[in-house]
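The values are calculated or read from the model by the stated rules, or taken from the named source; none is laboratory data. Since the model is a prediction, treat every value here as computed from it, not as a measurement. Every residue, glycine among them, receives a Cβ derived from its backbone with ideal geometry; neighbour counts consider all protein chains shown. Note: areas computed on protein heavy atoms with side chains; ligands, DNA, RNA excluded. Shrake-Rupley method; radii C 1.70, N 1.55, O 1.52, S 1.80 Å.
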Amino acid sequence: MLLDLLGVVYDGDSPITGAVAAIERLRDAHLPLRFVSNTTRSPRSAIIAQLAAMGVEVADEELLTPARAAVEWLRKHGRQPHLLVHPDLEVEFSGLKGGSGRAVVIGDAGEAFDHASLNRAFRELVAGADFLALAINRTFRDADGLLSLDTGAFVAALEFASGRSPVVLGKPSPDFFHSALADLNCPVADAVMVGDDAESDVAGALSAGLGAALLVRTGKFRPGDETRFDPAPTALVDDLTAAAEWILKGAPG
């Protein structure tokens with residue numbers, strides 16, 4: 001079981017109705033869970049604390065974020081990051097030392113996105129830095145309830161200007177989904193993803209080989225999303241409560 005967070009478990013600082021109870025049902029059924037989020041404005045510690053305040057206890061190893069994947073990539077390849085991320089996320093990269101080269105790391109920088117910051121990243125890329133995108137989501141549901149531009153628009157701008165394609169570390173990267181399942185001893189084909197993003201969460205999971213992907217009508221979902229991307233969702237459900245019901249009815253035993 002892989003669960004998205006924003007738009008599935010919570011909106012803003014409030015849990016979505018029934019989500020906490022649905023997670024408890026899944027845990028009571030002894031289904032292994034991983035929480036997979038493309039959120040790039042908050043460090044992992046803040047996300048875990050936010051969930052705890054809502055009544056959802058999540059262990060460190062149960063949460064996978066693009067920032068963690070980026071740090072692992074930078075260490076493996078010996079790169080120092082040029083960060084174009086939200087100021088709150090910079091702490092995730094504070095332990096990196098050494099490295100023989102540079103890598104632009106772009107996430108949802110929020111108000112930090114401006115011409116100067118984008119141009120600095122562009123100049124790093126044309127000078128030969130690697131190009132890492134924490135996510136390429138088009139939109140997210142903002143605190144005011146409306147859709148806002150997400151990281152993908154700014155990644156596309158740098159890609160167009162530099163002529164370079166990024167390494168995508170979050171959803172819909174197949175490696176991201178596979179990493180979330182790596183320590184669960186679960187065949188990819190037996191895994192189920194639940195998300196509100198028909199492109200990154202659902203089509204991404206199915207393209208990565210997961211057995212099923214459920215699209216919820218909460219969060220950023222808009223009518224018609226279920227037919228907008230290929231592969232289409234395994235099922236369209238109202239919310240995480242309905243997703244848990246769908247999963248438990250289909251679970252063996």
Quick check: net charge around residue 91, other residues with Cβ under 13 Å of its Cβ, Lys/Arg +1 and Asp/Glu -1?
0
Summing Lys, Arg as +1 and Asp, Glu as -1, what charge do residues with Cβ under 14 Å from the Cβ of residue 128 carry, residue 128 excluded?
+2
Residue 164 paired with residue 97, simple spin-label distance in nm, labels 7 Å along Cα-to-beta-carbon
2.7 nm
Mind checking which of 74, 96, 51 has the largest fluctuation in a GNM of the chain, springs on alpha carbons under 10 Å?
96
The chain - mean residue ellipticity at 222 nm from DSSP helices (-39,500 (n - 2.57) per run, n ≥ 4, rounded to 500)
-9000 deg cm²/dmol
Formal net charge of residues neighbouring residue 229 (Cβ-Cβ distance under 12 Å; K, R +1; D, E -1)
-4
Note down the accessible area of residue 65, probe 1.4 Å, to the nearest 10 Å².
0 Å²
Signed unit charges on C-beta, dipole axis of segment 79-235, positive-most listed residue 104, 182, 203:
104
Among the Cα-Cα pairs of the chain, the proportion with separation greater than 28 Å, in percent, is 31 percent
Cβ neighbours within 10 Å, averaged per peptide: list 199-207, 84-92 in order, most packed at the top.
199-207, 84-92
Three-way shape call for segment 58-113 based on the alpha-carbon gyration tensor, with the a/c threshold at 1.5
oblate
Electrostatic dipole magnitude of segment 19-124 [Cβ: Lys, Arg +1; Asp, Glu -1; Cα centre; debye, to 20]:
500 debye
Taking springs between alpha-carbon atoms closer than 10 angstrom, which of 196, 144, 175 fluctuates most in the Gaussian network model of the chain?
144
Accessible carbon and sulfur surface of the chain relative to its total accessible area, %, 1.4 Å
52 percent
Between segment 116-142 and segment 37-114, the alpha-carbon center distance in angstrom:
14 Å
May I ask you to give the average projected area over all directions of the convex hull of the Cα atoms of segment 126-253, in nm² rounded to one decimal?
9.5 nm²
Probe 1.4 Å, heavy atoms of protein chains only: per residue, the accessible area of the chain in Å² is 45 Å²
Which shape class, rounded, prolate or oblate, goes with segment 39-134 when its Cα gyration tensor gives a ≥ b ≥ c as root eigenvalues, a/c under 1.5 marks rounded, and past that a/b bigger than b/c marks prolate?
oblate
Magnitude of the charge dipole, the chain, Cβ model with Lys/Arg +1 and Asp/Glu -1, debye to 20:
760 debye
Considering only 219, 99, 107, give the residue with the highest GNM mean-square fluctuation for the chain, with springs between Cα atoms whenever their separation is below 10 Å.
99
Considering the options 53, 84, 39, tell which one lies farthest towards the positive end of the dipole of segment 1-101, charges being +1 on Lys and Arg and -1 on Asp and Glu at the Cβ, about the Cα centre.
84
